[in-house]
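Here's the structure we're looking at; comments come further down.
The values are calculated or read from the model by the stated rules, or taken from the named source; none is laboratory data. These numbers were taken from a predicted model, which means no experiment stands behind them. Here the Cβ is made from the backbone with ideal geometry for all residues, glycine too, and neighbour counts use every protein chain on show. To get the accessible areas, we keep the full protein, side chains included, count just its heavy atoms, and leave off ligands, DNA and RNA. Shrake-Rupley method; radii C 1.70, N 1.55, O 1.52, S 1.80 Å.
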Amino acid sequence: MADSVYKVVELIGSSPKSWEDAAAAAVKLAARSLRDLRIAEVVEQDVVIENGKIEAFRTKLKLSFKYESNATKKK
């Protein structure tokens, strides 16, 4: 099996409904421009409060994807 390298980016998704929807929104948007997504790790959750009410759920994710180098391998 060949060696693999993965890159990790941190994203914050937001939703008026739930933390799960916030995470899904972040992954959905990332999938538009990143290929070969692998794992999303939830690292933090919080809420936005306005006038004593929860207005938005926010989920911070560490999202990994396979790194593809354009460099050629040397033997």
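Taking each residue of region 34-61 that is farther than 17 Å from ALA24 by Cβ and among the charged types (D, E, K, R) and looking for partners that are open to solvent by 70 Å² or more (accessible area, probe 1.4 Å) and assigned to a loop (DSSP other than H, G, I, E, B) with beta-carbon atoms closer than 8 Å, six or more apart or interchain, yields ARG35/GLU68; ASP36/GLU68; GLU55/PRO16. Taking region 20-70 as the range and being charged (D, E, K, R), at pLDDT below 95 and either touching a helix residue (DSSP H, G or I) at 6+ places or on another chain (Cβ under 7 Å) or in a loop (DSSP other than H, G, I, E, B) (or both) as the test, the residues that pass are ARG35, ASP36, GLU68. Please work out which residue is nearest to the chain's Cα centre (by Cα), limiting yourself to region 1-16 and to residues that are exposed (fewer than 11 other Cβ atoms within 10 Å of the Cβ) and not hydrophobic (A, V, I, L, M, F, W, C). Looking at the filtered set, the residue picked out is SER4.
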